[in-house]
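To start, the structure itself, in C-alpha cells.
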Amino acid sequence: MKKILVTGAAGFIASHLIKKLLDNGDFVIGIDNFYTGSESNIEPYLQNENFKFIQHDVVTPYHFDVDEIYNLACPASPPHYQRNPIYTFKTCIFGILNALELAKKTGAKLLQASTSEVYGDAMVCPQDEKYFGNVNPNGIRACYDEGKRASETLICDYNREYGLNAKIARIFNTYGENMDVNDGRVVSNFIIQALNNEDITIYGDGSQSRSFCYVKDLVEGLTLFMDSDFTGPLNLGNPCEFTVKDFANYVIELTSSKSKCVYLPLPQDDPHKRKPDISLAREKIGFEPRYTIEQGIKNTIEYFRNKIS
Ligand code: NAD
Ligand code: UDP
C-alpha cells in the first residue's frame, strides 16, 4: 500500500484524484486550508480508514512520511487567484518549496499541478512543451502564471541538484463534477447561467478559444504520469477546442435554455488561443482522453442541476 500526500485535497481536481487513489488501495493524506475548496468535496472519504485529512496552509512547512506527493494546492480560477495575488504567489512558491523539501527528505516522488498558463497568450497553436510562452510578468494574471513558471524552475533545479523525481504536469482547462458553484470559470459559469435561464456572460467578442478536458480523463493522466519514469514537462488536456462563443451556444443547446448571450469587457491578458499538443503524453505515458465533450458536459450539467435545485 502506497502512502500518498495530496495538497489542495478539498479542491475540484483533487477530490477526483483522491477517489481514484483510494479505489486503487492506496493510503491518502489530504491537506487543504479551504481557501477555494470545500468540505463537501472530501466528505465522502472522511469515514474511510485509508484517508486522513489535515487542515493546513502549504505556505507553512509540513512533514509526512509518504511515497508520493501530488501538489495541487493553489486557487485556479482567475477571479480567485486575483483576489489576493500576493497570497497566490506565496502559495505557488512556498507551496512547491515545502513539497520539494519533503520529497528531498523522504525520497518521495512529486507531481506538480502546473498549467497551460505558463504559455501565456501563446503565439503558437497548438502549444507543445518546447514553447517557452508569452507571459506578461506585470499583469493581473502574473501572480498565477509566474508563480507556476517559477515553481517549474524550482522543480528542475531540485531535480538537477538533488536527483529528485519531481514531475511537471501542465494541465489545460479541466471541468467536471465538484467544481464550485462560485468558481467563476467559464464551464461552471455558463452551465449555471443556462440552467437558471440567465444571461450568459461572454467576455470580449467570444472569439478566444479554450480546449476542454473532462476531469476523469485528467486524473487518469496524472496517475499515469506519476507511475512513469518521465519527469516532463508534460501537457495534459484534451485538444477539443471551442471558441468561447460557440461553447456558450453549445451549453444553451444541451440545457435547452432560454438564456441569451451578453458581451462584457475582456479581462487584461486573456489568452486568445489555447489548445494542447498531447503527442508527448501519448508517447511517454500512453495518455488518451476517453470522454467526449458531450458526455463530460452532460455529466457536469446534471451535477449542477442537482446542486442548485
Ligand atoms: P480548486 O480551486 O478547486 O482547488 C485548489 C485547492 O487548493 C482548494 O481546495 C484550495 O482550498 C486549496 N488551496 C489553495 N491555497 C492553499 C494553501 N495555501 N494551502 C492549502 N490549500 C490551499 O482548483 P482546481 O481546479 O482543483 O485546481 C487544482 C490544481 O490544478 C491547482 O494547482 C491549479 O493551478 C491546477 N490546474 C487546474 C486547472 C483546471 O482547469 N482545473 C488547469 C491548470 C492547472
Ligand atoms: N469567460 C467568459 N465568461 C465567463 C467566464 C470566462 O467569457 O463567465 C472566458 C474567459 O475570458 C476566457 C475563457 O472564458 O477567455 C476561459 O476562462 P476561464 O476563467 O475558465 O479560464 P482561463 O483559461 O482563462 O484561465
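Taking every C-alpha pair closer than 8 Å and separated by at least 6 residues, the mean separation divided by the residue count of the chain gives a relative contact order of 17 percent.
Taking a ≥ b ≥ c as the square roots of the eigenvalues of the Cα gyration tensor, the range 84-168 is oblate, since a/c reaches 1.5 or more and a/b is not larger than b/c.
The alpha-carbon atoms of the range 1-152, seen along their principal axes, cover 48, 30, 29 angstrom, with the largest extent given first. Extension gain for the segment residue 43 to residue 284, taken as residue separation times 0.36 nm less the Cα-Cα distance, is 83.3 nm to one decimal. Each Cα pair under 8 Å and six or more residues apart adds its sequence gap; the mean of these over the residue count of the range 2-160 is a relative contact order of 21 percent. Note on residue 63 and residue 24: the model spin-label points, each 7 Å out from Cα along the C-beta direction, lie 2.7 nm apart. Structure remark: mean-square fluctuation, Gaussian network model of the chain, C-alpha springs under 10 Å; the largest value among 207, 256, 15 belongs to 256. Could you work out which residue, out of 181, 59, 135, moves most in a Gaussian network model of the chain, that is, has the largest mean-square fluctuation with Cα springs under 10 Å? Answer for the Gaussian network model of the chain: 181. Computed over the Cα atoms of the chain, pair by distinct pair, the Kirkwood hydrodynamic radius stands at 19.6 angstrom. The region of the chain that goes longest without hitting one of the trypsin sites (Lys or Arg not before Pro) in a DSSP loop, each with at most 14 other Cβ atoms within 10 Å, is 1-129.
Can you bin the range 82-130 into rounded, prolate or oblate? Criterion: square roots of the alpha carbon gyration tensor eigenvalues sorted a ≥ b ≥ c, rounded for a/c under 1.5, prolate for a/b above b/c, oblate for the rest. Oblate. You can think of it this way: the chain between residue 153 and residue 250 has 31.1 nm of extra reach, that is 0.36 nm per residue less the Cα-Cα gap. When each of 70, 291 is scored by the number of other beta-carbon atoms lying within 10 Å, the sequence from fewest to most is 291, 70. When the Gaussian network model of the chain links Cα atoms closer than 10 Å, the mean-square fluctuations of 287, 242, 132 top out at 132.
Laboratory data are not the source of any read-out in this text; all were calculated from the coordinates shown. Fair warning: this is a prediction, and the values are worked out from it, not measured in the lab. With ideal geometry, Cβ positions are generated from the backbone for all residues, glycine too; neighbour counts draw on all protein chains shown.
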